[in-house]
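Working notes, beginning with the structure itself.
The values are calculated or read from the model by the stated rules, or taken from the named source; none is laboratory data. None of these values were measured; they are calculated from a predicted model. A quick note on method: Cβ atoms are made from the backbone with ideal geometry, for glycine too, and the neighbour counts reach across all protein chains shown.
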């Protein structure tokens, strides 16, 4: 077993095919550690960081990638952190071949222990069921590291049944009645429809997404800076080409009033961001309506999970989501 680190941006091309092949079969793969996402994030937000892509090889077989970079914290110290940052990437992890998690963690710990950089290693946004999380917690003390774990946030997730009626039966009685009432009222009070954006329309429709996003609230308007907007545009276009984007809109009397920018990964729906025009949506609760239509569509398509990603907003749980925690590990050399 041999570990190796890469610092230059050319690593994305150097490891490209091997990275994508490993990602395709790894249980710890997410959209946020895929090569297309990681490369885009680095291009938009990497400066002034320094790449530290760590790999583990078994002879000529790539069995793990730890996509890291040296980042400066708000306190002015240096930390080794997952590519993807801390704000816009919901699930991060080491990418590991199935069944090789313990070997990979041991090899990475050995490499990090011998590395000249003594900065802390910040492994955040780890899913609660991540096998690498368990491996690092078990192996780090014996490799000379102090390790701490905190629960960062939760991701509310709906496990989807095979029919819409079964889904409704999963909800609490009050919420089930409320959803049915909103759906009935939508059909009587206005001409309501929704659609999924075709790949050739993504660039144009992103302008409508940004408009509705800014109308949602002041916090969202502040979040969507010019650099962030450029990243979202590139991400939507890239994921659309890969079949990973599901951008949807709700129309009321022909006018767009709600939108969700979703991702599709391994038969799961990931709800990444949204926007609403509360004034034009009126009393129809356009965000709720669009979620109803989309969840029903996801069930019809055989999706297995509907993941709201990070955040404990009340509405997510009213749709029947269950909170799944994500964790942050920090490893330090004593």
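Structure notes:
- Filter result for residue 274 (surrounded by 17 or more Cβ atoms within 10 Å (Cβ to Cβ) and under 29 Å from residue 37 (Cα atoms)): yes
- Count of the stretch 180-204 residues which are part of a helix (DSSP H, G or I) and out of contact with any strand residue (DSSP E or B) (no Cβ under 6 Å at 6 or more places or on another chain): 15
- Of the residues screened, residue 84 is one that is surrounded by 15 or more Cβ atoms within 10 Å (Cβ to Cβ) and assigned to a loop (DSSP other than H, G, I, E, B).
- Among the residues listed as 56, 79, the single one being buried (at least 22 other Cβ atoms within 10 Å of the Cβ), not in a loop (DSSP other than H, G, I, E, B) and not assigned by TED's automatic domain parsing to the domain that holds residue 265: 56
- Close pairs from the stretch 215-227: first assigned by TED's automatic domain parsing to the domain that holds residue 41 and surrounded by 16 or more Cβ atoms within 10 Å (Cβ to Cβ), partner part of a helix (DSSP H, G or I) and at pLDDT 90 or above, Cβ under 9 Å, at least 6 apart: none
- Candidates 250, 290, filtered to the one that is assigned to a helix (DSSP H, G or I) and within 23 Å of residue 229 (Cβ to Cβ): 290
- Yes/no for residue 317 being under 16 Å from the mean Cα position of the chain (by Cα) and either at pLDDT below 95 or not assigned by TED's automatic domain parsing to the domain that holds residue 90 (or both): no
- Hey, residue 37 modelled with pLDDT of 95 or more and in a helix (DSSP H, G or I) or not: yes
Yes/no per residue for (1) in contact (Cβ under 8 Å) with a residue 12 or more places away in the chain; (2) over 28 Å from residue 312 (Cα atoms); (3) over 27 Å from the mean Cα position of the chain (by Cα); (4) in a loop (DSSP other than H, G, I, E, B):
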| position | (1), (2), (3), (4) |
| --- | --- |
| 118 | yes, yes, yes, yes |
| 142 | no, yes, yes, no |
| 153 | yes, no, no, no |
| 161 | yes, no, no, yes |
| 169 | no, no, yes, no |
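- Residues in the stretch 102-126 that are under 19 Å from residue 324 (Cβ atoms) and touching a helix residue (DSSP H, G or I) at 6+ places or on another chain (Cβ under 9 Å): 123, 125, 126.
- When the stretch 239-256 is limited to residues that are touching a residue at least 60 places away in the same chain (Cβ under 8 Å) and surrounded by fewer than 17 Cβ atoms within 10 Å (Cβ to Cβ), the one that is nearest to the chain's Cα centre (by Cα) turns out to be 242.
- Close pairs from the stretch 316-334: first farther than 15 Å from residue 126 by Cβ, partner assigned to a loop (DSSP other than H, G, I, E, B), Cβ under 6 Å, at least 6 apart: 316/308; 320/171; 321/308; 332/120; 333/118
- Figure legend. Inter-residue proximity from the stretch 182-193: first residues under 9 Å from residue 252 (Cβ atoms), second residues modelled with pLDDT of 85 or more and surrounded by 13 or more Cβ atoms within 10 Å (Cβ to Cβ), beta-carbon distance below 6 Å, spacing 6+ or different chains. Indicated pairs: 186/192; 186/289; 190/252; 192/252; 193/251.
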